[in-house]
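Asker: Here you go, one structure.
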Amino acid sequence: MIKTYKVKLNEVSRLQQFANRCVGFDQVSLTGKRGKFVVNAKSVMGLFSLDLAEPVTIEAEADSEAELEAFDKWVTDFSV
């Protein structure tokens, strides 16, 4: 199962908080996309390499609906 989100990570502290929380989701594959660039959304350095002036697309993929629902509950704090 795959879900897509648009998030705003335009502040350093916000980006770090997002990446740190993502690391806790071991069973969810998270990808950050901006333009033609694709990075691991669990990587602070990867996210910093994107153009963060505009929203970033986050793609979450997991085998179970429960794992995606858990991610979905807190990602709304960062959603556009």
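Asker: Hey, what angle do you get for helix 12-23 against the long axis of the chain, alpha-carbon based, 0 to 90 degrees rounded to 10?
Answerer: The angle comes out near 30 degrees.
Asker: So, in nm, how far is label VAL80 from label ASP63 when the simple model puts each one 7 Å beyond its Cα toward the Cβ?
Answerer: With each label point 7 Å from Cα toward Cβ, the separation is 3.3 nm.
Asker: For ALA41, enumerate residues with amide H under 5 Å from its amide H, sequence gap 5+ or separate chain, H modeled in the peptide plane.
Answerer: Residues meeting the criterion, in which the H sits 1.01 Å from N, are LEU30, THR31, GLY32.
Asker: If you project the alpha carbons of the chain onto the principal axes, what extent comes out on each, in Å, largest first?
Answerer: Largest to smallest, the principal-axis extents are 32, 24, 21 Å.
Asker: Quick one: net charge around ARG34, please, counting Lys, Arg +1 and Asp, Glu -1 for every other residue with C-beta under 10 Å from its C-beta.
Answerer: Here the charged neighbours net out to 0.
Asker: Can you list the HN-Hα couplings for the stretch 61-75, worked out from phi with the Karplus curve (6.51, -1.76, 1.60; θ = phi - 60°), rounded to whole Hz and with x for Gly and Pro?
Answerer: 10, 8, 6, 10, 5, 4, 5, 5, 5, 4, 5, 4, 5, 9, 5
Asker: Using the Cα centre of the chain as the reference point, and only Cβ charges (+1 on K/R, -1 on D/E), how large is the resulting charge dipole? Debye, rounded to the nearest 20. All intermediate terms of the calculation are to be shown ahead of the outcome.
Answerer: Details: 10 positive and 12 negative charges, 76 e Å.
Its charge dipole is roughly 360 debye.
Here, each number is a calculation from the coordinates, and none is a lab measurement. Small disclaimer: the values here were computed from a predicted structure and weren't measured. As a convention, Cβ positions derive from the backbone with ideal geometry for all residues, glycine included, and neighbour counts pool all protein chains shown.
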